[in-house]
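Q: Can you keep this structure in mind? I'll have questions shortly.
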Amino acid sequence: MKLNIDMDQLLALDHEGYSVYGISTSPGKVVIKPESFPEGEVPPHLQSYVGQNAKVARACKGKKGMAFVSCMRRKSIEMGTAKKRE
């Protein structure tokens, strides 16, 4: 659904429970959508994943580009945090 509203109307909206952001590829357009879950809260089914990526990223510190991506993939398998493929 497309709506044309000005900035004053956008600011007047109650943003509680909604995510509001712009899209860099579409200047002047704003997306308003309900939040998946409240900011700062982690859903129960994602609790086991919290903090895993930070350990892997620290292990790959100093690498850039595809070298960093390759390191992240390799280290996540080594550390046992890689997503299981079905």
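Q: In Å and from the alpha-carbon atoms only, list the Rg and Dmax of region 8-54.
A: Computed over the Cα atoms of region 8-54, radius of gyration and Dmax are 14.7, 41 Å.
Q: How do the peptides 32-45, 56-69 rank, highest first, by the average count of neighbouring beta carbon atoms within 10 Å per residue?
A: Top to bottom by mean Cβ count within 10 Å: 56-69, 32-45.
Q: Bin all alpha-carbon pair distances of the chain at 10 Å intervals from 0 and give each bin's fraction as a whole percent.
A: Percent of Cα pairs in each bin: 13, 27, 23, 26, 11, 0.
Q: Using a 1.4 Å probe over the heavy atoms of the protein chains, calculate the carbon and sulfur portion of the accessible area of the chain as a whole percent.
A: Roughly 55 percent, rounded to a whole number.
Q: Report Rg(Cα)/(2.2 N^0.38 Å) for region 46-86, keeping two decimals.
A: With N residues counted in region 46-86, Rg over 2.2 N^0.38 Å equals 1.16.
Q: How large is the helix-only mean residue ellipticity at 222 nm for the chain, computed as the sum of -39500 (n - 2.57) over DSSP H runs with n ≥ 4, divided by its residue count, in deg cm²/dmol to the nearest 500?
A: -9500 deg cm²/dmol
Q: Only Cα pairs under 8 Å and at least 6 apart count here; give the relative contact order of the chain as a rounded whole percent.
A: It comes to 15 percent, rounded to a whole number.
Q: Please state the charge dipole magnitude for the chain, taken about the Cα centre, from unit charges on C-beta atoms (+1 on K and R, -1 on D and E), reported in debye and rounded to the nearest 20.
A: The calculated dipole for the chain is roughly 1100 debye.
Q: Next question. Between 70, 24, 48, which gets the highest mean-square fluctuation from a Gaussian network model of the chain, Cα cutoff 10 Å?
A: Greatest mean-square fluctuation among the candidates belongs to 24.
Q: For residue 19, what is the net charge nearby, where nearby means another residue's Cβ is under 12 Å from its Cβ and Lys, Arg count +1, Asp, Glu -1?
A: Value of the local net charge: -2.
The values are calculated or read from the model by the stated rules, or taken from the named source; none is laboratory data. Please read these numbers as outputs of a predicted model, since none were measured by experiment. Note: ideal-geometry Cβ built from the backbone for every residue, glycine included; neighbour counts use all protein chains shown. Calculation scope for accessible area: heavy atoms of the full protein, side chains included, ligands and nucleic acids excluded. Shrake-Rupley method; radii C 1.70, N 1.55, O 1.52, S 1.80 Å.
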